[in-house]
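Structure, as structure tokens:
The values are calculated or read from the model by the stated rules, or taken from the named source; none is laboratory data. Just so it is clear, the structure is predicted and the values come from calculations on it, not from any experiment. Virtual Cβ from ideal backbone geometry, glycine too; neighbours counted across all protein chains shown. What goes into the accessible areas is simple: the full protein's heavy atoms, side chains included, and nothing from ligands, DNA or RNA. Shrake-Rupley method; radii C 1.70, N 1.55, O 1.52, S 1.80 Å.
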Amino acid sequence: MKRVIFLHIAVLLLAGACIGNFKTGEFYYQNEQYEKAIAEFDKVLFVSITDIKSMHLRARSYEELEEYDKALDDYKKILNLDPRYAQAYAGMGKIAWKLDDMKTAEKYLLLAAMHDPKDYDILLLLSRTMIKNRRFKSAEEFLEVALELRPEEPMPHYYLGIARGYSGDVLGVVTSFNKYIEYEPDNINAHYNRGFALMRLGYKTWAVEDFDVVLRKNPNHYEALARRALCLIDKNPGKACLDLQTAAKNGNRLARANLGKCGS
């Protein structure tokens, strides 16, 4: 009799050791303790093999650890259980992005957006992927949807500026970066891109203001230095030529190509 009781206790203890807790795993995941999170979700899934939430966070933990094959395996298992689970497609798209496979990334992110068209993060990454794939008009469309969801977010404006620049919509570039800079005035890339667009539109004085911002924050931005010089070449040729010479000495091709404007 005692032996039977002992065996029952042993079985219960073993079962208890194998039963994980989703909340515990979630806590580990949120605190970036990914190995512990995986171990906890392993226990949950040992008992409940169809627990999609645990499988998803285990996949995300593998992803953070750059164990992409294991993450993809979990995402595929999720989709076998629920073919409409948008976050699994999104996870596969993110991994493809990290591996620089933009065509695959776009395919999975489109599927994710199809199943969850109101997920801002999916739409933003999908748009960035489309820019990488040179599908600029499609990227603009999805960025507009992202802005409808979160009108106060700055990043869609930034990527709209990039997409419009590649599409040749120079005025659209200025409009987008105007809005972005309202939210993020210290981003020198935004100032440089707006300055470049203003320069192309012929608004050289405003372009110089943007290039000045860039150069105050990064005096070694020789592309901005060369472009500012070209904006100033008629009004202040002495300063412009000095800047062109400085940029040229530091290997800037634009400056080298325009040194002839400074004479001998």
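Any residue in the range 21-42 that is closer than 14 Å to Met92 by Cβ and among the small types (Gly, Ala, Ser)? So far as the range 21-42 goes, no, none of its residues is closer than 14 Å to Met92 by Cβ and among the small types (Gly, Ala, Ser). Restricted to the range 37-90, and to residues there that are part of a helix (DSSP H, G or I) and among the acidic types (Asp, Glu), the residue that is nearest to Asn21 (Cα to Cα) is Glu40.
Listed conditions (1) in a helix (DSSP H, G or I); (2) closer than 17 Å to His191 by Cα; (3) not hydrophobic (A, V, I, L, M, F, W, C) are all met by Gly238, apart from (2). For Tyr75, the stated conditions do not hold, so it cannot be described as open to solvent by less than 70 Å² (accessible area, probe 1.4 Å), over 21 Å from Leu124 (Cβ atoms) and either more than 19 Å from the chain's Cα centre (by Cα) or aromatic (Phe, Trp, Tyr) (or both). Condition first: within 25 Å of Pro151 (Cα to Cα), open to solvent by less than 70 Å² (accessible area, probe 1.4 Å) and at pLDDT 95 or above. Can you find one or more residues in the range 98-107 that meet it? Looking for residues that are within 25 Å of Pro151 (Cα to Cα), open to solvent by less than 70 Å² (accessible area, probe 1.4 Å) and at pLDDT 95 or above, one finds at least one in the range 98-107, hence yes. Listed by first and then second residue, the pairs linking a residue in the range 159-186 that is over 24 Å from Asp121 (Cβ atoms) and open to solvent by 60 Å² or more (accessible area, probe 1.4 Å) to a residue that is in a helix (DSSP H, G or I) and of a type in the set (A, V, I, L, M, F, W, C), with Cβ atoms under 7 Å apart and 6 or more places separating them unless they lie on different chains, are Leu171/Leu201.
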